[in-house]
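S.K.: One structure, pasted below without further comment.
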Amino acid sequence: MFPIGIHDIALATGHYALDLEELAERHGVDPGKYTVGLGQSTQTVPATDEDIVTMAAAAAKQIMAEHDAGDIRTVLLATETGIDQSKAAAIYVQDLLGLPSSTRAVELKQACYGGTSALHFAAGLVHRNPGHKVLVLASDIAKYDLGSAGEATQGAAAVAMLVSADPAVAVLEPVSGLYTANVQDFWRPNYRSTPMVDGKLSVSLYLEAVEQVWKDYEARGGRAIQDFAAFCYHQPFTRMAYKAHARLLEIHGIDTDNARLDADLAATTVYNRLVGNSYTASLYVGLMSLLDHAEDLSGRSVGMLSYGSGCVAEFFGLSMVPGYRRRLRTSANQSAIARREPISYERYREIREFELPEDGSSKVLAVDGAGPFRLRAVAEHSRMYEACHLIQA
Ligand code: HMG
């Protein structure tokens, strides 16, 4: 069997950054609750002309600059910030990227787990036809009710991954631990723009899922915990990775002091601490953060834990391909985050109040963000995007 996995990986985020100390002040809470208790410093706030399509296309554009579009037969876009109940957001991205019409483009959903499902489904497609590559996109904007506990965990980002045979970055290991349970911890009915959340329940269900996926992973002949050189977790807020990792270590009777947790997790939380929750993309933002900040992991395994409310979870290993570091875009990733424009609380509230017409009327959007793609207008219930060749890539 030939290896299948991540051949290339790229990141994009939104235009603005809101400082959580300012949000804490507005909420009348000690800033330490957000910066230490949740482990978040800033959150990405997308501009009014950005959405999941523009962010996904911005991430994917970096990959397309280095690979032949003709090899891509499938685009899978995972999101829980869908812009349409019927048409896949992947079709807009396929068009913006100029991918051949001989491509299948589909959207996938299962809360934050959707990106992981896309990655594994992509591997199945490549297994069926090793000459084909699959573009996997995970793109989300996490938005909670104003003044709610979740507001401090908002964020936005997109990750694009090219999945192929003989990958240059990471091989998907064959064993997965899986867990699904019908629970109501976080969900968003079609008529709401923000989720219903039972925050405390969601934390305990995530931790229960850690135990269950490991149990299944072990039963199916997975690696021993000591075989992993590093771990990445879905990060709704970075302290959640600490809670989850502590639970995994406890199951194995391993001491979970803060120094141990920091040593294991600090590298994987650098980006998420700044962009906030990016739902489907969050685990892979964590992976990019790890690869950009850790020592060389060539030939070693990274444990990946994906959790999506509702809930579905999966634990699997990625085996890092020797020389993978040559493929990383560390400076592009860092600058995508660093160049975000700091935003005042007042401007953040204006953006929250901005709404696209829902009555079929037309609206041409003023230029707000500075990404390579933007939402130009909405008319007759349709979104129209454009490439901004003169603006930064
Ligand atoms: P809360 O209930 O307001 O916060 O919201 P809290 O009172 O639990 O405090 C948070 C932490 O800050 C606590 O630490 C406090 O002790 C600490 P912990 O006990 O947990 O270790 N703290 C302080 N630390 C330092 N200095 C201080 C201070 N004050 C307090 N002064 C909650 C927390 C997570 C519930 C809320 O943010 C929320 O509802 N978030 C949204 C839901 C969420 O993120 N759930 C996570 C698991 S579910 C998941 O990951 C899936 C998800 O991504 C969705 C999807 O799958 O699509 C959300």
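The values are calculated or read from the model by the stated rules, or taken from the named source; none is laboratory data. Everything numeric in this text was worked out from a predicted model, so none of it was measured. When we count neighbours, we look across all protein chains shown, and the Cβ atoms used for this are built from the backbone with ideal geometry, even at glycine. Just so you know, the surface numbers come from the protein's heavy atoms only, side chains and all, with ligands and any DNA or RNA stripped out. Shrake-Rupley method; radii C 1.70, N 1.55, O 1.52, S 1.80 Å.
S.K.: Take the solvent-accessible surface of the protein heavy atoms, probe 1.4 Å, and return the percent of it on the stretch 1-148 that carbon and sulfur atoms account for.
M.R.: Details: 2660 of 5480 Å².
Carbon and sulfur atoms account for 49 percent of the accessible area of the stretch 1-148.
S.K.: Still on this model: If exposed chymotrypsin sites (Phe, Trp or Tyr not before Pro) are those in a DSSP loop with at most 13 other Cβ within 10 Å, what is the longest stretch of the chain that has none? Spell out each step's value before the answer.
M.R.: On the way: sites that count: TYR191, PHE354.
The segment 1-190 is the longest one with no such site.
S.K.: Heavy atoms only, probe 1.4 angstrom, no DNA, RNA or ligands counted: give me HIS234, HIS127 ranked by accessible area, highest first.
M.R.: From most exposed to least exposed: HIS127, HIS234.
S.K.: Quick check: at a probe of 1.4 Å, how many percent of the accessible area of the stretch 245-349 sits on carbon and sulfur atoms? Please list the in-between numbers first.
M.R.: Working: 1800 of 3770 Å².
Of the solvent-accessible surface of the stretch 245-349, carbon and sulfur hold 48 percent.
S.K.: Indicate, rounded to the nearest 5 percent, the antiparallel portion of the DSSP beta bridges found entirely in the chain.
M.R.: Numbers: 50 of 70 bridges.
Counting only bridges with both partners in the chain, antiparallel ones make up about 70 percent.
S.K.: Beyond 29 Å, what share of the Cα-Cα pairs of the stretch 153-302 is found? Please give it as a whole percent.
M.R.: 18 percent
S.K.: Give me the three principal axis extents of the stretch 10-164 from the C-alpha atoms, as integers in angstrom, largest value leading.
M.R.: So the three principal-axis extents are 55, 30, 28 Å.
S.K.: Would you calculate the separation in nanometres between label points at THR194 and VAL29, each defined as 7 Å from the Cα along the Cα-to-beta-carbon direction?
M.R.: A separation of 1.3 nm, rounded to one decimal place.
S.K.: Solvent-accessible area of LYS133, probe 1.4 Å, all protein chains present, reported in Å² to the nearest ten, please.
M.R.: 40 Å²
S.K.: Let me ask something additional. Sticking with the crude label model, points 7 Å out along Cα→Cβ, report the distance from GLN226 to ARG376 in nm, one decimal please.
M.R.: Those two pseudo-labels are separated by 6.1 nm.
S.K.: While we're looking at this one, here's another question. How much length is gained if the chain between THR180 and ASP71 is pulled fully straight, taking 0.36 nm per residue apart and subtracting their Cα-Cα distance, in nm to one decimal?
M.R.: Computed gain between THR180 and ASP71 is 35.8 nm.
S.K.: State the extension gain, in nm to one decimal, for the chain segment bounded by SER362 and HIS293, taking 0.36 nm per residue of separation less the distance between their alpha-carbons.
M.R.: 20.3 nm
S.K.: Would you count, across the chain, every pair of lysines whose alpha carbons are under 26 angstrom apart, provided the pair is eight or more residues apart or spans two chains?
M.R.: So the count works out to 22.
S.K.: Would you please name the GluC sites (Glu not before Pro) within the stretch 25-66 that are DSSP coil residues with at most 16 other C-beta atoms within 10 Å of their C-beta? Spell out each step's value before the answer.
M.R.: On the way: sites: GLU25, GLU50, GLU66; in loops: GLU50, GLU66.
Answer by residue number: GLU66.
S.K.: Long-range amide H contacts for ASP185: which residues qualify at under 5 Å (H placed 1.01 Å from N, peptide plane, sequence gap of 5 or more or a different chain)?
M.R.: GLY310
S.K.: Now for a separate question. Rolling a 1.4 angstrom probe over the protein heavy atoms, how many square angstrom per residue are accessible across the stretch 172-324?
M.R.: Details: 5880 Å² over 153 residues.
Accessible area per residue, the stretch 172-324: 38 Å².
S.K.: Given Cβ point charges of +1 (Lys, Arg) and -1 (Asp, Glu) and nothing else, what value in debye, to the nearest 20, does the dipole of the chain about its Cα centre take?
M.R.: Roughly 660 debye for the chain.
S.K.: For the chain, what are the DSSP H helices with axial Cα length of 18 Å or more and mean Kyte-Doolittle hydropathy of at least -0.5?
M.R.: 114-128, 199-219, 238-251, 258-275
S.K.: Using 0.36 nm per residue, how much length does the chain from ARG339 to ASP257 gain when fully extended, once their Cα-Cα distance is taken away?
M.R.: Length gained between ARG339 and ASP257: 26.0 nm.
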